[in-house]
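Enquirer: I'd like to ask you about the structure that follows.
None of the figures in this text is laboratory data; all of them are computed from the coordinates on show. Everything numeric in this text was worked out from a predicted model, so none of it was measured. Reconstructed Cβ throughout: ideal geometry from the backbone, glycine too, with neighbour counts over all protein chains shown.
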Amino acid sequence: MHRVATLTLNPAIDGACEAEAVFPTHKIRTRAERYDPGGGGINVARVLARLGEVVEVVYLAGGATGALLDELLDQNGLERHRIAIHDHTRQSLAVFERSTGKEFRFVPEGPLVAEDEWRAAYDHCLTLDHGWLVASGSLPRGVPVDFYARLARAMPDRDMKLVVDTSGPALAAALEAGGLYLVKPSQGEFEALIGEKLDTPAAVGEAAMQWVRDGRAAHIAVTMGHEGAVLAHAGGVIIRPALQVPVKSATGAGDSFVAGMVHGFLRGEDAAGAFRWGMAAGTAAVLNPGTDLAHPDAMRYTWSALGDVR
């Protein structure tokens, strides 16, 4: 079986709860509290593990909150490799306001990482013998903006597919290095990357296809929220409209999408089939409140509802 490693440089303890209303000054009483291990790569790993994939989590963590993150990962049954840092692991919070159906998300910037700490993460990645490495999430303070690009430049010497899901200068640097197997920006992230507003899915696909032709990435999936998603690959552009479902939370939908696509490829699907799995997982994630992410039963339902598009 193919093994997958995920890399999370800025993980979080993701808290989620519900409140009748969110307003300033007064205490806000909450209920339905839950805590999950989070951050891009960790979220991807949680969904992949639910789908039966063999996955290892590589992450930076420190302080008392780092120990709690370890415990939450163990509770999820995830194989893990922690790279210790001196600063504290961040804690995020998502609050679902019952009176309006809106979700409020509070996301700290995260720890300050020393050079020897991020270099330890990079060096460990070069020892991995997995078939896939999913590097997902923001870069914490202190980590150079070209960290993912350095990984990309190291991949040609290894039999490993590199997936990158990040944004801003870190994504730009990774694409400049080229040779990525899959990247998954949102539409806003992609538009910021190319410096141009794209008004239609077709325009998004055309712009993404240019990056594929240039050898930056074999697959570029651009998620567009309620408008669906676009995939550019060597075979062309695929545009899928979104399923109309009740949205309980957008937290982790993009990470679930990445996990779904990787799962599809691991099943032997072609690009269109993997894209369908990505859409199914991303849609399944929004059906759950808070930080619960996508579950296989919901994924099978959304996969079936999406139908086959080539």
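Enquirer: Note down the net charge around A305, summing +1 for each Lys or Arg and -1 for each Asp or Glu among other residues with Cβ under 12 Å from its Cβ.
Expert: Local charge sum for A305: +2.
Enquirer: Relative contact order of the chain, please, whole-number percent, based on alpha carbon pairs below 8 angstrom and at least 6 residues apart. List each step's numbers first, then the result.
Expert: On the way: 709 pairs, mean separation 47.9, N = 310.
With pairs under 8 Å counted, the relative contact order is 15 percent.
Enquirer: Only helical DSSP H runs with n ≥ 4 go in: add -39500 (n - 2.57) per run for the chain, normalise by residue count and round the 222 nm mean residue ellipticity to 500 deg cm²/dmol.
Expert: Values: 10 runs with 115 residues, N = 310.
Helix-only estimate at 222 nm: -11500 deg cm²/dmol.
Enquirer: Still on this structure, please answer the following. Using Cα pairs closer than 8 Å and at least 6 residues apart in sequence, work out the relative contact order for the stretch 1-155, in percent. List each step's numbers first, then the result.
Expert: On the way: 314 pairs, mean separation 48.0, N = 155.
After rounding, I find 31 percent.
Enquirer: How many nm separate the modelled label positions at I28 and D308, each set 7 Å beyond the Cα in the direction of the Cβ?
Expert: 4.7
Enquirer: Roughly speaking, what is the stretch gain from H88 to R119, that is 0.36 nm per residue apart minus the C-alpha to C-alpha distance, in nm to one decimal? The partial results should precede the final answer.
Expert: Working: separation 31, 0.36 × 31 = 11.16 nm, distance 1.80 nm.
Contour length minus the Cα-Cα distance gives 9.4 nm.
Enquirer: May I ask what percent, to the nearest 5, of DSSP beta bridges between residues of the stretch 1-95 are antiparallel?
Expert: On the way: 7 of 25 bridges.
The antiparallel proportion sits near 30 percent.
Enquirer: What whole-number value in cubic angstrom gives the convex hull volume per residue for the C-alpha atoms of the stretch 253-295? Before the final figure, lay out each step's value.
Expert: Numbers: hull volume 2.1 nm³, N = 43.
Spelled out: Cα convex hull of the stretch 253-295, divided by residues, is 48 Å³.
Enquirer: Same structure, new question: With only alpha-carbon pairs counted, each pair once and no self-pairs, how large is the Kirkwood hydrodynamic radius of the stretch 51-154 in angstroms? Walk me through the numbers before you get to the answer.
Expert: Details: mean 1/r = 0.0642 Å⁻¹.
Here the Kirkwood hydrodynamic radius works out to 15.6 Å.
Enquirer: Oh, and also: Work out the length of the dipole vector of the stretch 88-226 about its Cα centre, built from +1 on the beta-carbon of each Lys and Arg and -1 on the beta-carbon of each Asp and Glu, and round it to the nearest 20 debye.
Expert: Values: 14 positive and 19 negative charges, 55 e Å.
So the dipole magnitude of the stretch 88-226 works out to roughly 260 debye.
Enquirer: Another question, then. Among the lysines, select those whose C-alpha is under 19 Å from the C-alpha of K184, and discard any that sit fewer than 8 residues away in the same chain.
Expert: Candidates past the 8-residue exclusion: K161, K197.
Enquirer: Could you tell me the extents of the stretch 215-310's C-alpha atoms along the three principal axes, largest first, rounded to whole Å?
Expert: So the three principal-axis extents are 37, 24, 22 Å.
Enquirer: Once the convex hull of the C-alpha atoms of the stretch 9-93 is built, how many Å³ does it hold per residue, rounded to a whole number? Working shown, then result.
Expert: Working: hull volume 9.5 nm³, N = 85.
It comes to 112 Å³ per residue, whole-number rounded.
Enquirer: State the answer as a single residue: which of T89, A45, P108 lies farthest towards the positive end of the charge dipole of the stretch 19-108, with beta carbon charges of +1 for Lys and Arg and -1 for Asp and Glu, about the Cα centre.
Expert: P108
Enquirer: Classify the stretch 110-210 from the C-alpha gyration tensor, please: rounded if a/c falls under 1.5, else prolate or oblate depending on whether a/b exceeds b/c. Please report the intermediate quantities before stating the final value.
Expert: Values: a/c = 2.70, a/b = 1.53, b/c = 1.77.
Cα axes put the stretch 110-210 in the oblate bin.
Enquirer: Before anything else, pin down the relative contact order of the stretch 54-144: Cα pairs under 8 Å, at least 6 apart, normalised by residue count, whole percent. Don't skip to the answer; put the middle values down first.
Expert: Numbers: 113 pairs, mean separation 22.7, N = 91.
It comes to 25 percent, rounded to a whole number.
Enquirer: Using the crude model of +1 on Lys and Arg Cβ and -1 on Asp and Glu Cβ, and no other charge, please compute the dipole size for the chain relative to its Cα centre, in debye to 20. Could the numbers behind the result be given before it?
Expert: Working: 29 positive and 38 negative charges, 106 e Å.
For the chain, the charge dipole is close to 500 debye.
Enquirer: Now for a separate question. Over the chain, what number does the Rg to Rh ratio reach, with both radii from the alpha-carbon atoms and Rh per Kirkwood? All intermediate terms of the calculation are to be shown ahead of the outcome.
Expert: Numbers: Rg = 18.5 Å, Rh = 19.5 Å.
Rounded to two decimals, Rg over Rh is 0.95.
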